[in-house]
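Here the structure is laid out as structure tokens; the discussion comes afterwards.
The values are calculated or read from the model by the stated rules, or taken from the named source; none is laboratory data. None of these values were measured; they are calculated from a predicted model. Cβ placement follows ideal geometry from the backbone for every residue including glycine, while neighbour counts extend to all protein chains displayed. The accessibility values were calculated without ligands, DNA or RNA, using every heavy atom of the protein model including side chains. Shrake-Rupley method; radii C 1.70, N 1.55, O 1.52, S 1.80 Å.
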Amino acid sequence: QKEVEQDPGPLSVPEGAIVSLNCTYSNSAFQYFMWYRQYSRKGPELLMYTYSSGNKEDGRFTAQVDKSSKYISLFIRDSQPSDSATYLCAMSFQRTGKLIFGQGTTLQVKP
Amino acid sequence: GAGVSQTPSNKVTEKGKYVELRCDPISGHTALYWYRQSLGQGPEFLIYFQGTGAADDSGLPNDRFFAVRPEGSVSTLKIQRTERGDSAVYLCASSLGATGGNEQYFGPGTRLTVT
């Protein structure tokens, strides 16, 4: 069993839809929870990060962490075709920045 | 400012050959990470440096893989006796510090194909 599980999709939604992406994890020692966006043939870029449990909002994006359930989510409101990409969840421990990634979910937003 | 750069962008090599992949981190970033991303998978940690020393090399798959960062800036990932299973995108990232919570900035990757 992988430390971080993420449904690979693909996920296809119409423009303007609300998108929900999620990951589960097994190691309760994770303290930092991140979402990266990766366009084809590019490196990942950080979208959101959360320390420990709670919610964080940035524009159309909301990240949620539920440490009791070992479950994290990313919500995208009013999705746009430019949001079409692979979304990777990632986690790290307090003492090291080494990232453990999920498999990534491929999202397509259709105009 | 300049981001993380990686060279070459693509490398095709024959099975059994030696390859070197280079990473130029963002100036002033003390931590440097190498990850490997296979098709349809998330990046997988290989090794990270804090300054010149390898702080954690637990992700290197075997002793054919080696990485250096002699002056605490540029890093080179070296793969000996390449195998077809080494084909992947090799990503480099850098950050200001090496603890959790420091944002990692990724380069575009080197796409390695072993024929």
Q.
Taking the conditions exactly as written (more than 11 Å from chain A (Cβ to nearest Cβ), surrounded by fewer than 21 Cβ atoms within 10 Å (Cβ to Cβ) and small (Gly, Ala, Ser)), does B:Gly3 satisfy them or not?
A. no
Q | Residue match in segment B:8-28 (condition: basic (Lys, Arg) and within 10 Å of the chain's Cα centre (by Cα)) | A | yes
Q. How many of the residues in segment A:57-105 are over 23 Å from B:Gly97 (Cα atoms), within 13 Å of another protein chain (Cβ to nearest Cβ) and assigned to a strand (DSSP E or B)?
A. 3
(Q) Which count do you get for residues in segment B:81-115 that are on the phi > 0 side of the Ramachandran plot and either facing chain A (nearest Cβ under 10 Å) or hydroxyl-bearing (Ser, Thr, Tyr) (or both)? (A) 2
Q.
Looking at segment A:91-111 only, could you name the residues that are of a type in the set (A, V, I, L, M, F, W, C) and surrounded by 23 or more Cβ atoms within 10 Å (Cβ to Cβ)?
A. A:Met91, A:Leu99, A:Phe101
Q) Looking only at segment A:33-60, which residues are open to solvent by less than 40 Å² (accessible area, probe 1.4 Å), over 24 Å from B:Gly40 (Cβ atoms) and not polar (S, T, N, Q)? A) A:Gly54
Q) Which of the residues that make up segment B:94-103 are more than 18 Å from B:Thr76 (Cα to Cα) and either of a type outside the set (Ser, Thr, Tyr) or in contact with an Asp or Glu (Cβ under 7 Å, 6 or more places away or on another chain) (or both)? A) B:Leu96, B:Gly97, B:Ala98, B:Gly100, B:Gly101, B:Asn102, B:Glu103
Q | Residue list for segment A:68-90, filter: among the hydroxyl-bearing types (Ser, Thr, Tyr), open to solvent by less than 50 Å² (accessible area, probe 1.4 Å) and within 17 Å of A:Thr24 (Cβ to Cβ) | A | A:Ser73, A:Tyr87
(Q) If a residue counts only when it is open to solvent by 20 Å² or more (accessible area, probe 1.4 Å), which strands (runs of 3 or more DSSP E) contained entirely in segment B:15-115 have at least 2 such residues? (A) B:19-24, B:31-37, B:44-50, B:53-56, B:65-68, B:75-79, B:110-114
Q) If the Cβ limit is 6 Å and pairs must be 6+ apart or interchain, which residue in segment A:71-100 that is free of Cβ contacts under 8 Å to residues at least 40 places away in the same chain pairs with which residue that is of a type in the set (A, V, I, L, M) and open to solvent by 10 Å² or more (accessible area, probe 1.4 Å)? A) A:Gly97/B:Ala98
Q | Filter result (in a strand (DSSP E or B), surrounded by 12 or more Cβ atoms within 10 Å (Cβ to Cβ) and out of contact with any Leu (no Cβ under 9 Å at 6 or more places or on another chain)) within segment A:12-31 | A | A:Thr24, A:Tyr25
Q. Which of the residues belonging to segment B:86-107 are in contact (Cβ under 8 Å) with a residue 12 or more places away in the chain and more than 16 Å from the chain's Cα centre (by Cα)?
A. B:Leu96, B:Gly97, B:Asn102
